[in-house]
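A.B. asks: My questions all concern the structure below.
What follows draws every value from the coordinates through simple rules; no lab data is involved. Everything numeric in this text was worked out from a predicted model, so none of it was measured. Every residue, glycine as well, gets a Cβ built from its backbone with ideal geometry; the counts of neighbours run over all protein chains shown.
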Amino acid sequence: MTQPATSNTNNRPETSISILNCLLILIFRLLLLGVGSGLALIFGIVVANAYPNPNPEKPLILKLLEHLDNKQESRFFNFSSIREPTEANLLKQLTPVQRVQVKAQLSELDKRLKRLSEDVTMLETQLGTSGGNESLEKRIQGITLLLKEPSTLSSDAPLVGNSNGNRLAASAADKLKVTLPSDILFQKSKSTLRPEAGLILDKIVTDLQAYPGSTIRIAIHTDNPREAKENRNLSFERAKAVQQYLSSALDDSYRWLIIGYGETRPLVANDTEVNQQRNRRVEIAVD
């Protein structure tokens, strides 16, 4: 009965030794495989450097990785890569010849703009106005409004009188009519003529000499920053100042009609500085 027990005990050490031998063999083979692969890689690099392929191709592993990357990018498309064309991109599309042409055109436009600005400034100086910080377009518009002929006189109740102070009715038929901005003849809120106003009025005297014995109508208009009565009085005093200057240069055959309209005959609404300047005007006409 004791003989079988002794046999089982002797078989256990043999089994443990065989498992250990298998593990050692496996480790040795793995080490041998790693060393062999490393030596093969080094040998391949040396051969590739010594004898390069005239038509090289990417390794299969790299092709496989790129293929996988392309699939990944197509799955998650980056919409931020789509950009609207910018000025820089548009400039890049121009050829060198086109760039030179565009620069030449810009230079010519800049010169024209400077010449136009100088011409507008000259006109403003002649008219006694100033555009200030307004754009060039608004300054031209203001000059155009100042030079535009006023509308026909209507029948409200302005201050009307002749050189002796008698009230008269104004005629509607004009043989000669001149309209000037008040700012070139008078200082602001003043009824005395500017020193340089004589240069302008002397030219009008020359025109009036062609109408001896005629009735000369002088009408003054203001804007509305003051009281209506004050504006009428100011316009009437200004009309008298113009009449006195012209009559001193003409003979006694002329008759005079002076009118102070004040603010009652605006050409446009007095809501901007340009419009107020347009409404401040002097009208000299031969009736």
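A.B. asks: Just flag the GluC sites (Glu not before Pro) in segment 206-287 sitting in loop per DSSP whose Cβ has no more than 13 other Cβ atoms within 10 Å.
C.D. replies: E227
A.B. asks: Looking at this model, which pairs from K177/K229; K188/K240; K190/K240 are more than 21 angstrom apart at the alpha-carbon?
C.D. replies: Flagged as over cut-off: K177/K229.
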